[in-house]
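Encoded as structure tokens, the structure appears first; notes follow it.
The values are calculated or read from the model by the stated rules, or taken from the named source; none is laboratory data. What you see is a predicted model; the values in this text were computed from it and never measured. Glycine gets a Cβ as well: all are built from the backbone with ideal geometry, and neighbour counts include every protein chain shown.
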Amino acid sequence: MQLINLLSQKLDADAKQAMAQATQATPAELEKGLNQITRLFIGVLVQPPLSSTRVESIQQVVDEGGHTGELLSNLPNLLADEQRSSLLIDIGTKIFNHFYEGDAEILTEKLTMVLGIRKPVVQSLLGLTPPLVLGTLGAQIRKERWTTQELQSYLEEQQADIQTELSPYLTPHLTTKASTSSPSGEPKLPSSSKKNSKKKSSFNFLIWLPWLLMGLLVAASWWYIRTLQSQDLEVAHPLGDSLSVLTDDANLAQIEERLNQRADSTMPSTPAPEPTQAPVPETQPEVVAKPKDSAPSPTPVPSQPRVEKTATSVPKEVASSLSAALKTTFQSGSAEIKDDQVVKNLATKWLENKSGVLVIEGNLANRLTEDQAYALRERLFQLGVPTASIRIEKAKTPLQVTLK
């Protein structure tokens, strides 16, 4: 009997209900995802060429992992415990990555698009399916007492079912690099697929062309506005270029001296002394010093602290503590990011040191909070933070990010 049929017999209504609760999936999502992801993992196990070395590796994982089939008989009680179900999904994800030779992140995106179900559900099913498949296989091995050759023959029988029942969009992810490449190094595709790919590429280009032109227009407008602003700043100012250097005491002294000189130049000229007063030495110093004493040079000084405060003020860093409330990051009542400045600051702060783990914490029992957490994780990954340095944890606090 086919391996997937044996597994379907062991998954009763209670087991499927417990799986839906553990993965936060609707019944329709669970049925569609479980059907294809189970076949996908079986296809990963039996992908040709199925060598004896690979069969021995599968048998070793079954034996050392204790996959005897007892998990399936106690699945509802196991998944009812949130901590134990999370541990089971984590172990299953590691098993899947052990056998899968491709990029798991790309495969997750492909499954989300092809199956039409949410990404968190796909990730949970990718971790939950391997223990169930290996448990079914382990129970069959113990029942039939198969040797390595007999196990290899049984696994080879599964290849035909995988090729016919698995979605054609997912089949390319099962083949090895050698089987997907032609002698020239180009992937082998049916002629119809090549035509469709050409149509899709041209169609995608036409979709993105208006956005590309709009982006160029915005960039040109920004450059033009910046040029006008720089020209306005170069216009002659009553204090010259001293307004850009108000943070230095020496510069303040220079500004004060300029103010005094400007005040002297704007004062009314003093009438020349009479010839008869020239020989009197006592009155000459008083006549020369009086204009400087009466000059209004000290009057600009009180305005200096006000100018210095505006010039030395520095905007605060949004992500200086690597912990944010993230209330304004998402659209109201949605997991769509409307302002990713906080996320960019978090990613930039992590990339400066490249150490620690960004932990996304929140009440994951809430469906919206869970979707927002995974959307935040996806955006951090796009900004350069590796998935190994991002962890999602359940907490009773609002959604927040912490560096640990």
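Here are some notes:
- Residues that are surrounded by fewer than 19 Cβ atoms within 10 Å (Cβ to Cβ) and within 21 Å of residue 8 (Cα to Cα), drawn from the stretch 82-95: 93
- Looking only at the stretch 347-368, and only at residues there that are crowded, with 16+ Cβ neighbours inside 10 Å and modelled with pLDDT of 85 or more, the one that is farthest from residue 121 (Cα to Cα): 349
- Any hit, the stretch 321-333, residues being within 24 Å of residue 21 (Cβ to Cβ) and modelled with pLDDT under 85: yes
- Just one of the numbered conditions (1) of a type outside the set (Gly, Ala, Ser); (2) free of Cβ contacts under 8 Å to residues at least 60 places away in the same chain; (3) surrounded by 18 or more Cβ atoms within 10 Å (Cβ to Cβ) is not true of residue 115: (2).
- Residue check for residue 3: buried (at least 17 other Cβ atoms within 10 Å of the Cβ), on the phi < 0 side of the Ramachandran plot, modelled with pLDDT under 90 and more than 36 Å from the chain's Cα centre (by Cα): yes
- Flag if residue 15 is exposed (fewer than 13 other Cβ atoms within 10 Å of the Cβ), in the same structural domain as residue 95 (by TED's automatic domain parsing), modelled with pLDDT of 85 or more and under 35 Å from the mean Cα position of the chain (by Cα): no
- Checking each residue in the stretch 385-400 for being at pLDDT 85 or above and either more than 20 Å from residue 369 (Cβ to Cβ) or among the β-branched types (Val, Ile, Thr) (or both) picks out 385, 386, 387, 388, 389, 390, 392.
- Selection from the stretch 132-153 of residues that are among the hydrophobic types (A, V, I, L, M, F, W, C) and part of a helix (DSSP H, G or I): 132, 133, 134, 137, 139, 141, 151
- Close Cβ contacts (under 6 Å, 6 or more residues apart or on different chains) running from residues in the stretch 89-107 that are in the same structural domain as residue 134 (by TED's automatic domain parsing) to residues that are of a type in the set (Val, Ile, Thr) and at pLDDT below 90 comprise 99/44; 100/44.
- Scanning the stretch 106-113 turns up no residue that is of a type in the set (Val, Ile, Thr), touching a Lys or Arg at 6+ places or on another chain (Cβ under 8 Å) and either at positive phi or at pLDDT below 90 (or both).
- Test for residue 79: is it among the hydrophobic types (A, V, I, L, M, F, W, C) and either surrounded by fewer than 18 Cβ atoms within 10 Å (Cβ to Cβ) or over 22 Å from residue 364 (Cα atoms) (or both): no
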